[in-house]
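Notes for the one structure printed next.
The values are calculated or read from the model by the stated rules, or taken from the named source; none is laboratory data. Fair warning: this is a prediction, and the values are worked out from it, not measured in the lab. Heads up, the Cβs are rebuilt from the backbone with ideal geometry, glycines too, and the neighbour counts pull from every protein chain shown. These accessible areas exclude ligands, DNA and RNA; they are computed on the full protein's heavy atoms, side chains included. Shrake-Rupley method; radii C 1.70, N 1.55, O 1.52, S 1.80 Å.
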Amino acid sequence: MEESQSERNPNDCKVGLLDFMLRPVQWFKKLGQELHWSFVLGVVLIYGISQGFGVGLSKVSTQYYMKDEQKLQPSEAQVYFGLLQLPWIVKPLWGLLTDSVPILGYRRRPYFVFAGVLTATAMLALSLQKNLHLAFALLYLMAGTAGVAIADVTIDACVTQNSISHPSLAGDMQSLCGLSSSIGALVGYTLSGFLVHIVGPKGVFGLLSIPASMVILVGIILRESRGHRFAYRRVNEKFLDNSKAMWMTLQCRDVWRPCLYMYLSLALSLHIHEGMFYWYTDAKGGPSFSKEVVGSIFSVGAVGSLCGVLIYQNLLKDHPFRDILFWSQLLYGASGLLDLVLVLRLNLRIGLPDYFFVVFDEAVSKMIGRIKWMPLLVLSSKLCPAGIEGTFFALIMSIDHVGLLSSTWAGGLLLHVLNVTRTQFDNLWMAILIRSMLRLVPIGLLFLIPRSDPNSAILPEEMLKTKKGDDMLENENLEMTSLVDSS
């Protein structure tokens with residue numbers, strides 16, 4: 001009896017291993033059947049190639065461009081990086097356009113094409129022009145960011161629309177977005193340092209036109225029904241109606257409270273990343289990391305972010321939002337103290353090399369940050385009423401980016417007040433300590449987050465139904481898109 005059981009065990013293990021390896025394929029297949037393959041591919045291309053891979057390349061190249069070519073101080077770089085958030089802050093405008101103004105009968109596809117062309121043009125212009133004044137360089141960078149933001153809003157509208165029609169798949173869709181973004185960022189960061197070393201920051205900007213072309217491809221392949229008539233003279237009226245609908249939704253207690261929490265949790269997590277970046281590369285007593293090493297550090301952070309998505313998808317997605325946010329925010333504050341150990345050089349006293357410690361710090365911080373962010377994304381998708389889902393999700397993300405802008409500029413001010421410069425880092429430890437303490441404050445604000453089941457709807461049922469007007473033509477335009485048609 002024991003012998004027969006031992007003979008079966010290897011086969012059982014092989015079957016279990018095969019099932020485990022095929023699980024991602026089955027997951028993608030299920031999403032493709034439920035939501036249509038073009039939507040799934042669109043999410044992978046926008047989040048994975050445009051945002052993940054593209055941002056992975058652009059972050060490192062932009063940091064070295066600001067430091068080495070524009071010769072900026074850390075606090076100045078923080079302020080200008082904050083300006084690059086402005087196209088994200090006006091996301092409701094892009095959302096209003098994609099929800100209210102179809103082009104050639106389509107509500108989504110033309111905006112993908114426009115976004116890709118805008119980003120590609122801006123990056124090529126930034127790459128080819130020599131001795132650019134800072135103002136023009138920022139203008140090109142903002143234009144490229146605007147293209148990425150428009151594509152992001154448009155795909156978010158598709159994700160939110162599918163979250164309304166398939167509420168049980170809302171967590172899976174956000175996991176798909178997170179996985180695509182993390183894997184793309186991993187590849188982008190891995191290559192970024194080598195590419196910046198080989199072709200320089202401006203050469204990398206030219207290469208960023210390639211991810212932009214993938215956004216254009218999404219506009220070509222995305223499955224979307226075409227409406228043949230649209231009363232463009234009623235655009236102002238639709239803008240006004242959608243604005244009123246957003247205002248009414250924001251007045252709902254279950255909506256404005258989570259939005260307030262999201263803003264405060266981001267604003268209180270001060271960003272001092274430029275101070276740390278300059279310390280990594282320029283400080284006399286610091287690690288003096290090369291471009292390749294900096295890129296590899298960020299790539300490990302992308303692996304940590306990917307692990308965070310996998311942990312959320314497999315272990316945490318069915319847990320209440322408030323419980324996940326409590327533990328993740330607590331760990332997020334504690335992880336910030338790892339930078340303090342590094343800057344005070346305590347790691348060397350216990351025999352840990354700088355690179356090993358920085359890699360560990362980056363992986364842990366990004367993993368915890370992603371686990372903290374995932375439930376907020378799922379929650380955001382459940383706060384959007386039907387009919388203006390793209391606009392309202394863009395509004396929520398805009399609130400988040402205002403929080404990021406606040407944290408970036410506040411962090412820049414903190415670096416300036418503490419006199420952290422290109423060559424002076426004596427007070428950087430104090431900035432890290434203040435940032436880590438402020439990260440714990442949002443724990444006291446968790447009463448703003450609902451305790452509802454993450455797989456159920458949060459909004460009242462009437463907000464989840466598209467409002468039908470008396471004008472049949474307007475009704476047709478509101479419902480002319482069907483991104484979830486699986487036939």
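A few comments on the model shown:
- Selection status of S192, in a helix (DSSP H, G or I), open to solvent by 10 Å² or more (accessible area, probe 1.4 Å) and either among the hydroxyl-bearing types (S, T, Y) or without any contact (Cβ under 8 Å) to a residue 60 or more places away in the chain (or both): no
- Complete set of residues in region 59-71 that are under 15 Å from L83 (Cα atoms) and either free of Cβ contacts under 8 Å to residues at least 12 places away in the same chain or within 22 Å of the chain's Cα centre (by Cα) (or both): K59, T62, Q63
- In region 36-86, the qualifying residues are those that are more than 21 Å from A185 (Cβ to Cβ) and among the aromatic types (F, W, Y), and the one that is surrounded by the fewest Cβ atoms within 10 Å (Cβ to Cβ) is W37.
- Selection within region 31-90 - touching a Lys or Arg at 6+ places or on another chain (Cβ under 6 Å) and assigned to a helix (DSSP H, G or I): S38
- Conditions (1) modelled with pLDDT under 90; (2) open to solvent by 30 Å² or more (accessible area, probe 1.4 Å); (3) within 27 Å of G304 (Cα to Cα); number of the one not met by P375: (2)
- Counting residues in region 179-187 that are of a type outside the set (S, T, Y) and farther than 30 Å from H319 by Cβ gives one or more.
- Residue match in region 158-176 (condition: β-branched (V, I, T) and within 18 Å of the chain's Cα centre (by Cα)): yes
- Single residue of region 105-126 satisfying the filter (open to solvent by 30 Å² or more (accessible area, probe 1.4 Å), at pLDDT 90 or above and in contact with a helix residue (DSSP H, G or I) (Cβ under 6 Å, 6 or more places away or on another chain)) that is farthest from L395 (Cα to Cα): L124
- Residue check, L169 aliphatic (A, V, I, L, M) and at pLDDT 85 or above: no
- A search for C-beta distances below 8 Å between a residue of region 104-130 that is in a helix (DSSP H, G or I) and any residue that is open to solvent by less than 70 Å² (accessible area, probe 1.4 Å) and of a type in the set (K, R), counting only pairs 6+ apart in sequence or on different chains, returns L126/K202; S127/K202.
- Of the helices (runs of 4 or more DSSP H) lying entirely inside region 272-355, the ones with 2 or more residues being more than 24 Å from V441 (Cα to Cα), of a type in the set (A, V, I, L, M) and open to solvent by less than 30 Å² (accessible area, probe 1.4 Å) are found at 291-311.
- Within region 129-169, the residues that satisfy the criterion of being buried (at least 24 other Cβ atoms within 10 Å of the Cβ) and among the hydrophobic types (A, V, I, L, M, F, W, C) are V148, A149, I150, A151, V153, I155, A157, C158, V159.
- Here L404 fulfils each of the conditions (1) modelled with pLDDT under 90; (2) farther than 28 Å from Y261 by Cα apart from (2).
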